[in-house]
Structure formats: C-alpha cells, structure tokens
Amino acid sequence: MSNLEDLYREIILDHYRSPRNRGELPSPPAHKVEGFNPLCGDEVTLYLDVHDGVLSDIKLTGHGCSISQSSSSLMSAAVKGKPLNDVNATIETFKQLMTGHESALTTEEEADEEVDLRTLGELAALQGVVKFPVRIKCATLAWNALRQGLDEIANQN
Amino acid sequence: MSSFNVRRIRADIPLLQREINGRKITYLDSGASSLQPHAVIDAMSRYYELRHANVHRGVYQTANEATEAYEGSRAAVALFLNAPGGADEVVFTKNTTESLNLIAKTWGADHLAQGDVVLVSEMEHHANIVPWFQLREATGVEVRFIPVGDDYRLDLTKLDELLDGVKLLSVTAMSNVLGTKNPIAELAEAAHRVGALIAVDGAQSIVHGVTDVQELDIDFLAFSGHKMLGPTGIGVLWTRESVLDTMGPFMGGGGMIADVRVDGFTPAKGVARFEAGTPPIAESVGLRAAVRYLTGLGMENVADHDHELTVDALTRLESSFDGRVRVIGPSDTKDRGGVISLDVEGVHPHDVAQVLDQFGVCVRPGHHCAKPLMKRFGLAATARASFGPYSTTRDTDVLLEALTSAVSMFG
C-alpha cells in the first residue's frame, strides 16, 4: 500500500476536502481560462488578476478527481500574490517534477536534473503522482490552464 | 447446470492466474473487454503455426485451408445467432463500432433522406449516436432519442409518438453503464409496425444471454469478438439477406469488387462487398473458438450465472455502505445484467478505481462513452464493475473489501 499512501498524502486529501481559493472573480477585469480533460471529464476554471507584474489574485472552480482538484488548490496557494517571474519559475519546476519520471526513462542526462523539492513547499506532496503515469494529466490540468492564461494575458498587453 | 463449472472456466483463463500488487487479479472489467480462455489463444496460435495464408486468393493447400477457416468462422457465428440465411448474412468488421458505422454509412446513406428519422435512446454508447449525427450532417435526417426513466429503463410510454416518421430504430440490447436489458422483441415489433427497421447494439448482451435474431425478429445486430471471450480486431454485423442485398459497398479496395476498369468498378455480391482488404483471419479463428467455448457452456447457463452474481452483488452493495455507495442502474434484477455502475459519495470514480487497483481489482472509471446518459443522471463519471462468465462471488468479496478501503481513505 505504500505507493497508494504516497499518492494520497494527507496534504492532498486536505486540499481535496477543503479546496483553497475556491470561487470566481469578476471577469473582466480578471482573466478567465478553462482547462478540460475530455478523457475523464475533469474541469478547472481559473480567474487570474495580474497587476504590475504580480499575480495579485487567483480563484478557481471545477470538479474532478482528488488529484486534479487538490493540485489546482495547492497551485493557487503557491502562486497567489507572487511576482510573475516567481510564478513562471514555479510552473516550470512543477512540470519538471511531473515529467521527471518519464525523462528518467529516456535520457540519463535529463534524469540528472533533479528537482529541488525544497523550492516547492507543499507542492512536493504531489510527487507521488509520477509513480502513476495515467494520473499525471490530472495533476497538470490546472497548471496547463495557468500557463495558458498567463500567456494570453501577456499577449493582450 | 451440468456443463457450467465456474472453477473449470477460471482454470481455462491464463490471465486470471496473474497477481497485481501482490494479490490475485480480480477482473471486473469484462464490459470493456473479456478475458480469453486457452481454447481461443491456442486456436489462433495453431492457425498461425500451421495454416496461415491470405484468403480468397491462392490455389495452394494452406491458402485453401485459411479460406475454409475464415468462411467456417462465418458459418459458426451464423449458427450461434440462429441467422435465417446462414453465413451469407454475417459480415466481419473490426468491432461493434465499425459494424454500426457500416449500417449508417451504407444502408443509412442509401435509404435515408431529409425528413426521415433515426430513433436511438438516451442510454446508447457513443458508437450508436455519433454515426447517426454524422449521417444527419450528410443527409439531414433527424436523430431522436427515447428517454431513460428514473428507474434506469427506457421510458416507452410515448413510443408511438416517438416512432412517427422513423425509418430506423437503433438501440442497445443491454446498457454498458446501467446493465439494463431492453425489450428488444417488443421494440422490433413496434418498429416493424411503422415500417421501420431495427438495429441492435449487442456489444454487451452477446455474452450475457442467448441471442436469437429470428426470435427477436430484428434486422441488424452489431457486436465485438473481444467482449465474448474472443480476440480484439474482429466484430460482426449480422443483417438479413433481404436487407443486405439493398446495401451499397462500404470501404473500397481489394476483395470487395466484381470488376474494376479504368472507368469504374462493380461491387461484389454478398458479404464480400463489405470486406475490403485482407480480413481478420486469425481473429475469425479465435472468434469461432470463443463461440464454440460459449456454446459448450450454454448461453442459458451463462445468463443464469450472470444473474446470480448480479443479485448477490446488488444485495450486498445495498447493505454494506450506509448509503455511501449508490448503484446507478435498476435495483430490480429482472432484465438486468452484470454491469454495475457505482457512485461513491465523496470519492471521485478515478480515485475509487485507483484504490481498487491496489487490491488487484480491475474496474473502469469514466463516462463509459455514454455522455448523454451521464448527463441525464447529473454525473460526470462512475466506477463500473462488470462480470464475465468466469466471475464469482469471491470477486464481489474483494470488490467490497477494496470499496471499504476507498470509503475510509477519503472518509
């Protein structure tokens, strides 16, 4: 059962049961972006407020499995109020955490680039997901939506 | 039940000997795909080892044997279905999906036009919805839905109104989500009364009971080999000869022609015109072995066994979880097969399936390619357990043990 406990850590179950930053922001001015996983029906909608290079507020709605919903909740807590540079770095680090497993199978070089879990804080709880390849898309759903939303905001300006 | 011994069946199936996460596999995903007995696997191996050649071509010994094997499979399937016209009514396809598409893209395109209605139901698999939507785009036919009632059965109270203008009723014999078995003979009679034909999606029903196309008095039947202990890659479209003769060819290529000239082609007669290219020969051999195996068990016995398992599972699920585990399907076990969709309070189906996997329990989470039905009941997904002829109440024991763990983990 160790793998399963690794997947469903207490932090993950806590964010699933009590999601943070749940709700909506008036859009506009907030930027609204949706993420959708057609295979399992998981959905997340993000509302992003960016002011002076800072992600000043983030709210989200959605439904899906514990991994997709806790990941979006953990993400919102990690990036809210952060300068965009830090947000971008966190997205990159998180995606690296999720793909680390696959790259370890492909090239040794990439496998050497280990993610420094200390920079991830609570997000590190999601590392158990990489042992369940079919669940990685659940964990990355909100993050891909955030990346898309921030890119759309950058393109508007 | 002299010929039906579930312990012997289990011993015939190599995959049931596997261990998953340190536990003997508990395979409860037969609704997605069944497991194969040695008889099927060995028949295919022996075919490749001794007889393989392309069919309908060569004059040498093995080519003749391969052709006889392939055509022999067609005859075996015809017998299994009690097809009135025999092997000449059995078209081999890739799977149920291709069989249903074949109806829409040949018979549908030839016989239906704007103003005609195709009547399906709200509990159909996408494979019996999307081809009709595609036909609607091409020809302007109307696609109408029989609603599903709160009892998870077809609501036939307004059937006469629904049948107005209908040229084809296309409906599943057994829901792959609810386990509901539909009254096919009654629907066939109603369709014929208004001059419509009836097509039946038999993907689930084919391995859950007897299918006699004459007794049901239907016009088309679609099903897959791999859901009835046979291999993947082969499906069947049965249709009466009188209907088949009115259908144009399907895909173009070798084998489906009578003649090809620089100015055009003439399609072959009979089932050949729907089977372009090298067909699934080894798969047909495997399918024939599956038909022989199931016939040996007796489909009445298979149906009785499925019924006993379903009654037992529904009774125990009902009494075990203080209402936290809800069955999405009829509680009345008459006309209901062993496909059991579960909604676990507070636990997403993907998480249910993930926890169950740790117990070696294989179930299917998701919308089961039946999104209109999911929407009807306000669900995004369910976790579905489904029985095969080799399933036992022991499988249900492990399912309940694993569900208990899932419920307490997310409690």
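Look at (1) within 14 Å of chain A (Cβ to nearest Cβ); (2) within 20 Å of B:I25 (Cβ to Cβ) and you find that B:A370 fails only one, number (2).
Taking the stretch B:216-246 on its own, how many of its residues are touching a residue at least 40 places away in the same chain (Cβ under 8 Å) and crowded, with 22+ Cβ neighbours inside 10 Å? Steps first, answer last, please.
Of the stretch B:216-246, the ones touching a residue at least 40 places away in the same chain (Cβ under 8 Å) are B:220-241, B:243-244, B:246.
Those left that are additionally crowded, with 22+ Cβ neighbours inside 10 Å: B:220-231, B:234-239, B:244.
Residues in the stretch B:216-246 being touching a residue at least 40 places away in the same chain (Cβ under 8 Å) and crowded, with 22+ Cβ neighbours inside 10 Å: 19 in total.
Of all residues assigned to the stretch B:272-288, at least one qualifies as being outside the structural domain of B:L16 (by TED's automatic domain parsing), over 28 Å from B:S45 (Cα atoms) and either crowded, with 16+ Cβ neighbours inside 10 Å or among the β-branched types (V, I, T) (or both). Taken over the stretch B:342-353, the criterion of being facing another protein chain (nearest Cβ under 7 Å) and under 26 Å from the mean Cα position of the chain (by Cα) is satisfied by B:H350 alone.
Tell me, which strands (runs of 3 or more DSSP E) wholly within the stretch B:295-403 include 1 or more residues that are among the polar types (S, T, N, Q)? Break it down into steps so the answer makes sense when it comes.
Values: elements: B:325-327, B:339-344, B:364-366, B:382-386.
Because the criterion is at least 1 residues that are among the polar types (S, T, N, Q), the strands (runs of 3 or more DSSP E) in the stretch B:295-403 that meet it are B:339-344, B:382-386.
For residues that are under 17 Å from B:L399 (Cβ atoms) and away from chain A (no Cβ under 13 Å), scanning just the stretch B:373-386, find the one that is surrounded by the fewest Cβ atoms within 10 Å (Cβ to Cβ). By that ranking, first place goes to B:R384.
Contact map, the stretch A:4-28: residues that are farther than 13 Å from A:E122 by Cα paired with residues that are at pLDDT 90 or above and part of a loop (DSSP other than H, G, I, E, B), Cβ distance under 7 Å, separation 6+ or inter-chain. Pairs shown: A:L4/B:Q358; A:N21/A:K80. Looking at the structure I just gave you, is B:R384 in contact with a Gly (Cβ under 6 Å, 6 or more places away or on another chain) and over 30 Å from B:R51 (Cβ atoms)? Answer is no for this residue.
From the list B:V327, B:V311, the lone residue that is surrounded by fewer than 23 Cβ atoms within 10 Å (Cβ to Cβ), free of Cβ contacts under 8 Å to residues at least 24 places away in the same chain, touching a Leu at 6+ places or on another chain (Cβ under 9 Å) and of a type outside the set (F, W, Y) is B:V327. For the stretch B:312-321, state whether one or more residues are basic (K, R) and not assigned by TED's automatic domain parsing to the domain that holds B:G233. Yes, that holds for at least one residue.
Within the stretch B:38-61, identify whether any single residue is touching a residue at least 40 places away in the same chain (Cβ under 8 Å), of a type in the set (V, I, T) and part of a helix (DSSP H, G or I), and answer yes or no. Yes, the stretch B:38-61 contains a residue that is touching a residue at least 40 places away in the same chain (Cβ under 8 Å), of a type in the set (V, I, T) and part of a helix (DSSP H, G or I). So, in the stretch B:337-385, of the ones that are without any contact (Cβ under 8 Å) to a residue 40 or more places away in the chain and hydrophobic (A, V, I, L, M, F, W, C), which residue ends up farthest from B:T180 (Cα to Cα)? Restricting to residues being without any contact (Cβ under 8 Å) to a residue 40 or more places away in the chain and hydrophobic (A, V, I, L, M, F, W, C), the top hit is B:A353.
Go through the stretch A:18-36 and report how many residues are of a type in the set (K, R) and under 23 Å from A:L97 (Cβ atoms).
From the stretch A:18-36, those of a type in the set (K, R) are A:20, A:22, A:32; that's our starting set.
Restricting the remaining residues to those that are under 23 Å from A:L97 (Cβ atoms) gives A:20.
Number satisfying all stated conditions: 1.
B:F133 satisfies every condition listed in (1) farther than 15 Å from B:L244 by Cα; (2) touching a residue at least 24 places away in the same chain (Cβ under 8 Å); (3) among the aromatic types (F, W, Y) except (2).
Condition check ((1) within 14 Å of chain B (Cβ to nearest Cβ); (2) under 15 Å from the mean Cα position of the chain (by Cα); (3) in a helix (DSSP H, G or I); (4) without any contact (Cβ under 8 Å) to a residue 40 or more places away in the chain) across all residues:
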site: A:K59; (1), (2), (3), (4): no, yes, no, yes
site: A:S72; (1), (2), (3), (4): yes, yes, yes, no
site: A:M75; (1), (2), (3), (4): no, yes, yes, no
site: A:G81; (1), (2), (3), (4): no, no, no, yes
site: A:N85; (1), (2), (3), (4): no, no, yes, yes
site: A:N88; (1), (2), (3), (4): no, yes, yes, no
site: A:F94; (1), (2), (3), (4): no, yes, yes, no
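So, of the residues in the stretch B:354-366 that are away from every other protein chain (no Cβ under 11 Å) and buried (at least 24 other Cβ atoms within 10 Å of the Cβ), which turns out to be farthest from the chain's Cα centre (by Cα)? Outline the logic, then answer.
Just the residues of the stretch B:354-366 that are away from every other protein chain (no Cβ under 11 Å), to begin with: B:360-364.
Those still in the list that are buried (at least 24 other Cβ atoms within 10 Å of the Cβ) too: B:361, B:363.
Working: B:V361: 22, B:V363: 17 Å.
Checked the stretch B:354-366; the qualifying residue farthest from the chain's Cα centre (by Cα) is B:V361.
Can you pull out every residue in the stretch B:219-267 that is among the small types (G, A, S) and either in contact with a strand residue (DSSP E or B) (Cβ under 8 Å, 6 or more places away or on another chain) or part of a loop (DSSP other than H, G, I, E, B) (or both)?
Step one: filter the stretch B:219-267 for residues among the small types (G, A, S), giving B:222, B:224-225, B:230, B:233, B:235, B:242, B:248, B:252-255, B:258, B:264.
If the condition is that a residue be among the small types (G, A, S) and either in contact with a strand residue (DSSP E or B) (Cβ under 8 Å, 6 or more places away or on another chain) or part of a loop (DSSP other than H, G, I, E, B) (or both), then B:A222, B:S224, B:G225, B:G230, B:G233, B:G235, B:G248, B:G252, B:G253, B:G254, B:G255, B:A258 are the ones that fit.
Say we look at the stretch A:1-55 and pick out the residues that are under 25 Å from A:K82 (Cβ atoms), out of contact with any Phe, Trp or Tyr (no Cβ under 9 Å at 6 or more places or on another chain) and assigned to a helix (DSSP H, G or I); which of these is farthest from the other protein chains (Cβ to nearest Cβ)? Only one residue tops the list, namely A:I11.
The values are calculated or read from the model by the stated rules, or taken from the named source; none is laboratory data. Since we're looking at a predicted model, the values are computed, not measured. Backbone-built Cβ (ideal geometry, glycine too); neighbour counts: all protein chains shown.
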